[in-house]
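*Asks:* The following block contains the structure, expressed as structure tokens.
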Amino acid sequence: MEAEPITQKRQSRPSRRLLDPSNAAEQEVVAHRQTVISSTALESESVVEQHKTPAATSAKRDTATVFTVPEGHGTAVSSTGSSPTTHSKPKKVARTADTASQEAPDAAQAALGGQNTSSRSSRGGLAGPLTGVARPPQEDVRPATGGAARGSASVVFDPDNEVDGSGFLKDVEIINVDDPEASQREEKGGDMDNFFGPPYTGQDGKRWQNCHACTKKKVKNNYVAQISTLRRHMQATHQAAYYTWTKANHFESMLPKDTLARREKHKLQEQTRLNAHLVEKPPPECIIKYTDAIYREAAIEWLLATDQPLRALEHPAFKNMIDIAARATDGVKILNCKQTRREIIRLFKKNMTQLREKLNSDKVKGSVNLTCDAWQASNTDGYFAATGHWIEESAPGVWLSETALLGFVRLNNAHSGVRLGQALFKVVQRVGIEHKVGYITCDNAKNNGTMLAHFAQRMEEATGKPYDERERYVRCLAHIINLATQAVLDAYSKTPHYDPHAPDIELVNQHGARRDVIGLVRCISVKEHSSAKRKELFKQLQLRDDKKKAYQLLLDSPTRWSSTYVMLDRVEQLEDIHQFVYEIGSHERDRERRQKLLDLQLSEEEWDRVKTCLDLLGHADKAQQAFSAEEGPTLHHGLPALEALHKSWTARLDKPKYTEFRTAIRAGLDKVEEYNQKTADSDVYTFAMLLDPSQKARHLDKFWRKELRQEAVDRAETIYKKRYYELAAKVDGPTTEQRASATSAALRWEQQRARRRVLSDDEDSDADNDSHTSAATALGGRSQPDPWRQDFHGYLNSPDDLGGKTIVQWWGINASWYPIWASLARDFLSVMASSVSSERAFSSAGITISKRRNRLKGDIVEALQALKCLYRRDLLFRDEPEVSSEPPLDDEGDNGVGDGDPGAEQADEEVGWDDILLVDDDLDGDAGSDN
């Protein structure tokens, strides 16, 4: 029986904001967000219930226990399930058994720090601060004397979820790029940050800070932003509060009188010596004449002393540093550790400030789309990375696809949706793009849905505009493919992945007389990696027949995309596997272990099953590679790639050759169908396909059923119509260029079609042209009196060709032909199909956070990662150097600058998904046979 294509299973989704101009659409979005937040809150409530104290069991008594909420501990949660309350000053909290039953429905409110999820703020967001999961009572929670009430309750404080005055979790910290002295204050004045607000520039040009305590008393509250001035104020006015804070935080008092007392005490304890009055005479300076031999020795010595790679001396940055130092006439000042750290932070702030200016300039007219992900470093520190992607118009008609790491925030508490959402918003707020954030690409973890709900709430509060997180959520397609692949592998192979902490676990499972071939290959790879002797043996076996290159076997991982396919492919390509297994078995002295090694030999039938596995996984790998690029448009490949994978696996489902894999294939198809349906929540997938000039609506016309096809174009028309009138409203009516766009597009299409008819008498040419317009014509299905509709279908009907250009370059060149489409292209072309850019940031951070550098603080790690990304993307904002009148050191030879355009991007080879879906999808020519 023939399986139903995935395009026939895709269901329409109810219209939301794009098609419903009423307030009902916004209410539906808000209701969905409340559901997501409430589900998280209920989970948090269950955690609180598990931490009830003995005092909580007395909730039904008649006498009440009243607790004092200390200042600074923002979250109070009753162990009987009441809603937590955020306090900015000491307050008494009392609960009764009657009120506990009344507040039980507010479980969502309980885990959100007292916010009322049913109310809306005046700016469109949900009111109230956000908190996370509560913990058992700490020692700061103590009964207050006096007072009585009915019932009894206990209050639970969570120090990991304290919030600041803005409702943000205190542990979500990022570098303030607007404060030039923040790096010094972080090192020397961290105590003052708890009593004073952030510094700001006054009308007199000086830097000021406001005292929190003085603000509450409504007295003079602004003081010069200098550590010594702030501490003198604390000593004179708030000494008791300062001492209370230092005692609670185990901080040594830095008030002027205390530091003076410590210095005097040190002087009294130090014995009077003559050494302080003697100055050592410096040795005479010995200037060594430069020679190549001395430089080579010094370079090698630096290489050895700092454990640098051998190619470090060839790096352009190292050469540039040497060239600059060679021009010094009065010596070179070497930075120490603190100076280096301060300079890195300064460069980070400077570059992030200038990046913010660029993102808000006319060069970036479209949206800034994001990718994000969380990661744990080797030293167990957790980090959250967010990258930005945008289309930059470097010159008229020249478009570039750019990306940068916007934030790399250390998060060492639970990666809850609340914490991730606040971290993402702070990163966006730092670069000032709240009004420009488009779509967000992340994986399919459950907490990401909660993260986007909380992020949307903050966005609406900041901008006053609605933000539909379901429409803006782009699910990482590479992650979806990996989930489907793992479903296939889990259903077929029961062999566990190799764990270095449990090396003795059995890696080969046996189903009756049939062995698990994936486990066999994995076990052989583990044996090859187990010792240097075996690695050398495998290398020599490969080089014995005058081969020039030897390869190592690869190990797979469930979280590394396509790793099982790559492992099987490497083993299948090498011809020395049989001899290698025989050699390691014959070298083993123990008879039982020798037999186990020799049993790893694969029979001919087992090698055939390996090839069958490669056939199945190869389709997933090809689909995954289509949108795993770090930059450039890839989202238009998303749905065609999923459909091609589904068709390829479906075609093999009922073939006798794949009978053993039938259950596994079904598991993979279910996963693909599940996430393919979830893509219907956003229109970005189909609109990205229309923005590919070489395909446009062809795929929809050929493979989608009529009602889905019509729905996709209706939604695209709605997006286009909205943008048309938005641009027209900015100039009080359409511009001449906009009014003429429909006419010019239609005229261009007719001219090109006529030219093709003249150049070729082939009837197929006309058929091709007719088929090219059939999609748009069928999708339109109506008269087109409106100018925006004529422009919309004028582009879809035009037989455009990339002509060797990338999609981004093509739109830069043709923006004047299709101004409204080009405006939308600026928003949609930078939407990423996968979160690979965030994964690359983690790989880079893994090099930075090594065993030798496992105590780096979060701010320096973020600064290093952001600067590395900007350097590699050639986005660093450098100061203009002073030009010397002296001739260069070497004015001969090539200057290394080519004749080509440095901004030009190499055209990507397009993947023919339509061809895959139309023709026989067998890879090896015999996959569809009955053998």
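The values are calculated or read from the model by the stated rules, or taken from the named source; none is laboratory data. Predicted, not measured: the structure shown is a model, and the values here were computed from it. Reconstructed Cβ throughout: ideal geometry from the backbone, glycine too, with neighbour counts over all protein chains shown. Heavy atoms of the whole protein, side chains included, go into the accessibility calculation; ligands, DNA and RNA do not. Shrake-Rupley method; radii C 1.70, N 1.55, O 1.52, S 1.80 Å.
*Asks:* Looking at Q624, Q579, Q540, Q552, which is the one that is more than 30 Å from A697 (Cβ to Cβ), part of a helix (DSSP H, G or I) and in contact (Cβ under 8 Å) with a residue 24 or more places away in the chain? Break it down stepwise before answering.
*Replies:* Working: Q624 fails: more than 30 Å from A697 (Cβ to Cβ); Q540 fails: in contact (Cβ under 8 Å) with a residue 24 or more places away in the chain; Q552 fails: part of a helix (DSSP H, G or I).
Going through Q624, Q579, Q540, Q552 in turn, the sole match is Q579.
*Asks:* Quick check: is even one residue across segment 406-417 part of a helix (DSSP H, G or I) and either at negative phi or open to solvent by 40 Å² or more (accessible area, probe 1.4 Å) (or both)? Explain how you work it out, then say what you get.
*Replies:* Filtering segment 406-417 down to residues part of a helix (DSSP H, G or I) leaves 417.
With either at negative phi or open to solvent by 40 Å² or more (accessible area, probe 1.4 Å) (or both) added as a condition, the list becomes 417.
Scanning segment 406-417 turns up at least one residue that is part of a helix (DSSP H, G or I) and either at negative phi or open to solvent by 40 Å² or more (accessible area, probe 1.4 Å) (or both).
*Asks:* Additional query: Of the residues D140, D171, which single one is within 38 Å of the chain's Cα centre (by Cα), modelled with pLDDT under 50 and either open to solvent by 50 Å² or more (accessible area, probe 1.4 Å) or not assigned by the TED database to the domain that holds L355 (or both)? Talk me through it step by step, then tell me what you get.
*Replies:* On the way: D171 fails: modelled with pLDDT under 50.
The conditions single out D140.
This table checks each residue for (1) in contact with a Lys or Arg (Cβ under 9 Å, 6 or more places away or on another chain); (2) of a type in the set (S, T, N, Q).
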position	(1), (2)
L653	yes, no
E660	yes, no
A664	no, no
T679	yes, yes
F687	yes, no
L690	yes, no
K702	no, no
V713	no, no
I719	no, no
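*Asks:* Considering R709, R662, which residue is assigned by the TED database to the domain that holds R514, at negative phi and assigned to a helix (DSSP H, G or I)?
*Replies:* That would be R662, the only listed residue that is assigned by the TED database to the domain that holds R514, at negative phi and assigned to a helix (DSSP H, G or I).
*Asks:* Identify, by number, the condition in (1) open to solvent by less than 70 Å² (accessible area, probe 1.4 Å); (2) assigned to a helix (DSSP H, G or I); (3) aliphatic (A, V, I, L, M) that I324 doesn't meet.
*Replies:* The one condition I324 does not meet is (1).
*Asks:* So which of E572, E592, E606 ends up being open to solvent by 40 Å² or more (accessible area, probe 1.4 Å), touching a residue at least 24 places away in the same chain (Cβ under 8 Å), among the charged types (D, E, K, R) and out of contact with any Ser or Thr (no Cβ under 6 Å at 6 or more places or on another chain)? Quick ask: steps written out before the conclusion?
*Replies:* Numbers: E592 fails: touching a residue at least 24 places away in the same chain (Cβ under 8 Å); E606 fails: open to solvent by 40 Å² or more (accessible area, probe 1.4 Å).
Every option except E572 fails the conditions.
*Asks:* Any residue at all in segment 151-166 that's open to solvent by 60 Å² or more (accessible area, probe 1.4 Å), at pLDDT 80 or above and part of a loop (DSSP other than H, G, I, E, B)?
*Replies:* The initial filter retains those residues of segment 151-166 that are open to solvent by 60 Å² or more (accessible area, probe 1.4 Å), namely 165-166.
Still in the running and at pLDDT 80 or above: none.
So far as segment 151-166 goes, no, none of its residues is open to solvent by 60 Å² or more (accessible area, probe 1.4 Å), at pLDDT 80 or above and part of a loop (DSSP other than H, G, I, E, B).
*Asks:* I'm trying to understand the selection: among the residues of segment 823-848, which are under 19 Å from N412 (Cα atoms) and among the hydrophobic types (A, V, I, L, M, F, W, C)?
*Replies:* Scanning segment 823-848 gives A841, F842, A845.
*Asks:* I'd like the full set of residues that are among the hydrophobic types (A, V, I, L, M, F, W, C) and free of Cβ contacts under 8 Å to residues at least 12 places away in the same chain, limited to segment 191-219.
*Replies:* Keep residues of segment 191-219 that are among the hydrophobic types (A, V, I, L, M, F, W, C), which gives 192, 195-196, 208, 211, 213-214, 219.
If the condition is that a residue be among the hydrophobic types (A, V, I, L, M, F, W, C) and free of Cβ contacts under 8 Å to residues at least 12 places away in the same chain, then V219 is the only one that fits.
Here's the yes/no breakdown for (1) over 26 Å from I518 (Cα atoms); (2) at pLDDT below 90; (3) among the small types (G, A, S):
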| position | (1), (2), (3) |
| --- | --- |
| R609 | no, no, no |
| D615 | no, no, no |
| A620 | no, no, yes |
| A623 | no, yes, yes |
| A629 | yes, yes, yes |
| T634 | yes, yes, no |
| L639 | yes, no, no |
| E643 | yes, no, no |
| S648 | no, no, yes |
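*Asks:* Same structure, new question: Tell me, which residue of segment 849-863 that is assigned to a loop (DSSP other than H, G, I, E, B) and open to solvent by 10 Å² or more (accessible area, probe 1.4 Å) is farthest from N412 (Cα to Cα)?
*Replies:* At the first step, the residues of segment 849-863 found to be assigned to a loop (DSSP other than H, G, I, E, B) are 849-850, 854-857.
Subset that is open to solvent by 10 Å² or more (accessible area, probe 1.4 Å): 850, 854-857.
Values: S850: 18, N854: 14, R855: 13, L856: 13, K857: 12 Å.
Looking at residues that are assigned to a loop (DSSP other than H, G, I, E, B) and open to solvent by 10 Å² or more (accessible area, probe 1.4 Å), I get S850.
Condition check ((1) more than 26 Å from L642 (Cα to Cα); (2) at pLDDT below 90; (3) of a type in the set (V, I, T); (4) surrounded by fewer than 17 Cβ atoms within 10 Å (Cβ to Cβ)) across all residues:
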| position | (1), (2), (3), (4) |
| --- | --- |
| N448 | no, no, no, no |
| G464 | yes, no, no, yes |
| D468 | no, no, no, no |
| C476 | no, no, no, no |
| D490 | no, no, no, yes |
| P496 | yes, yes, no, yes |
| K533 | yes, no, no, yes |
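*Asks:* Being in a strand (DSSP E or B) and either assigned by the TED database to the domain that holds W811 or not acidic (D, E) (or both): is that true of L420 here? Let's see the steps before the verdict.
*Replies:* Numbers: in a strand (DSSP E or B): no; either assigned by the TED database to the domain that holds W811 or not acidic (D, E) (or both): yes.
Considered against the rule, which asks whether it is in a strand (DSSP E or B) and either assigned by the TED database to the domain that holds W811 or not acidic (D, E) (or both), L420 comes out as no.
*Asks:* Kindly check whether there is at least one residue in segment 248-269 that is modelled with pLDDT under 90, within 44 Å of the chain's Cα centre (by Cα) and assigned to a helix (DSSP H, G or I).
*Replies:* Scanning segment 248-269, I find at least one residue that is modelled with pLDDT under 90, within 44 Å of the chain's Cα centre (by Cα) and assigned to a helix (DSSP H, G or I), so the answer is yes.
*Asks:* A further question follows. Output the qualifying pairs, or none if there are none: Cβ atoms under 9 angstrom, residues six or more apart or on different chains, first residue in segment 239-268 and among the basic types (K, R), second residue modelled with pLDDT of 90 or more and surrounded by 10 or more Cβ atoms within 10 Å (Cβ to Cβ).
*Replies:* K257/Q235
*Asks:* Can you give me the number of residues within segment 343-363 that are surrounded by 15 or more Cβ atoms within 10 Å (Cβ to Cβ) and free of Cβ contacts under 8 Å to residues at least 40 places away in the same chain?
*Replies:* Final tally of qualifying residues: 2.
*Asks:* Does segment 633-657 hold any residues that are surrounded by fewer than 18 Cβ atoms within 10 Å (Cβ to Cβ) and part of a loop (DSSP other than H, G, I, E, B), and which are they?
*Replies:* Result: D654, K655.
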